[in-house]
Amino acid sequence: VYIDAGALATITYSDIQLSSGTYTGTGNINADPLFTSGLHLSDFSPCIGTATATGAPATDLEGNTRGTPPDMGAYENARDSSLPVELSSFSAEALPDGVRLKWSTESEVDNLGFILESKLAEGDWVQIASYQTHTELQGQGNKSSRTEYKFMDETARAGQSCTYRLSDVNTAGEIHVYDVIKIAMPDVPKELVLDPPFPNPFNPQTKIYYQLSKSGPVEIAVFDLLGRKVRTLVDGFQSAGSYNIYWHGKDEAGMQTATGTYFITLKTVEGVRTQKVVMMR
């Protein structure tokens, strides 16, 4: 709950009224560093009911009409509701000694780390690794550049079909499930496959699933209708296996591209596959 400091010369407990319920517990009203003006009451734990402030103006500091409690902030509804991790890839690779899981992020916000779960065809989800027990799953906190992660699941057995689920935990303790991928052990895909991106049309991101039946150099790139390369998504050696990658609608410079039709092209030693995708703004 945010109270506009400009609405009240001083903020005291008596200035805060409840339309229902009562405050329990203790806490201090602290200046919020995220705002040029304003105080926030999140230190009250727990806060029951909704709060109103006397003397608040009809508009916030941005000139927007204020809504109903508890959205009374100096910058009401200004917080970013996007997920704390921008996932760019998640892949599973069958190896003789297990399954190698790899994923990458383009940015992270308040990220403590990741949780990996697996399940068999008829089983329940079982946690196999966590940022609390495996240092390689610890997050970057706040980071605006790319980070690569990997984990080896040595519990996978020949003949099994394993499904993996990737989640992250932020500093508030919230868990977000990001992706699920399935792989058969120890078999590798029998042919080269590039599935249609999903969703399509998309905004803000689309997932691209592909399978490699042979190991070798792989290039996946995005082209516009004029055949100009917009962005390279993959460029390097990959082993036979199943992969997920994501395109967030950005070019090589990290700028958002225009609404329109694009082509996703997969080039390997096995051949070339292409799928069409439409980005909507």
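The values are calculated or read from the model by the stated rules, or taken from the named source; none is laboratory data. Remember, predicted model here, so these are calculated numbers, not experimental data. Here the Cβ is made from the backbone with ideal geometry for all residues, glycine too, and neighbour counts use every protein chain on show. When the accessible area is computed, the model is the full protein with side chains, heavy atoms only, and any ligands, DNA or RNA have been set aside. Shrake-Rupley method; radii C 1.70, N 1.55, O 1.52, S 1.80 Å.
Key figures
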read-out	value
Any hit, the stretch 171-178, residues being of a type in the set (S, T, N, Q), crowded, with 16+ Cβ neighbours inside 10 Å and under 26 Å from SER107 (Cα atoms)	no
Selected residue (only one of LEU233, LEU266 is out of contact with any Gly (no Cβ under 7 Å at 6 or more places or on another chain), in contact (Cβ under 8 Å) with a residue 24 or more places away in the chain and within 24 Å of SER107 (Cβ to Cβ))	LEU233
Verdict on SER145 being among the polar types (S, T, N, Q), modelled with pLDDT under 95, closer than 16 Å to GLU106 by Cα and out of contact with any Pro (no Cβ under 9 Å at 6 or more places or on another chain)	yes
Single residue of the stretch 137-170 satisfying the filter (open to solvent by less than 80 Å² (accessible area, probe 1.4 Å) and among the basic types (Lys, Arg)) that is farthest from HIS248 (Cα to Cα)	ARG165
Selection within the stretch 236-264 - more than 21 Å from the chain's Cα centre (by Cα) and farther than 28 Å from THR163 by Cβ	ALA258, THR259, GLY260, THR261, TYR262, PHE263
The stretch 82-114, subset of a type in the set (Asp, Glu) and surrounded by fewer than 18 Cβ atoms within 10 Å (Cβ to Cβ), residue nearest to GLN205 (Cα to Cα)	ASP110
Some residue of the stretch 199-212 being at pLDDT below 95, aromatic (Phe, Trp, Tyr) and under 16 Å from the mean Cα position of the chain (by Cα)	yes
Selected residue (only one of GLY123, GLY98 is at pLDDT 80 or above and under 30 Å from VAL218 (Cα atoms))	GLY98
Residues satisfying the stated conditions in the stretch 115-132, i.e. of a type in the set (Gly, Ala, Ser) and open to solvent by less than 40 Å² (accessible area, probe 1.4 Å)	SER118, GLY123, ALA129, SER130
Selected residue (only one of LYS267, LYS214 is at negative phi, assigned to a loop (DSSP other than H, G, I, E, B) and out of contact with any Phe, Trp or Tyr (no Cβ under 7 Å at 6 or more places or on another chain))	LYS214
Residue match in the stretch 72-86 (condition: assigned to a strand (DSSP E or B), at pLDDT 50 or above and not basic (Lys, Arg))	yes
Strands (runs of 3 or more DSSP E) enclosed by the stretch 99-201 - at least 2 residues per element that are farther than 24 Å from ILE264 by Cβ and among the hydroxyl-bearing types (Ser, Thr, Tyr)	161-170
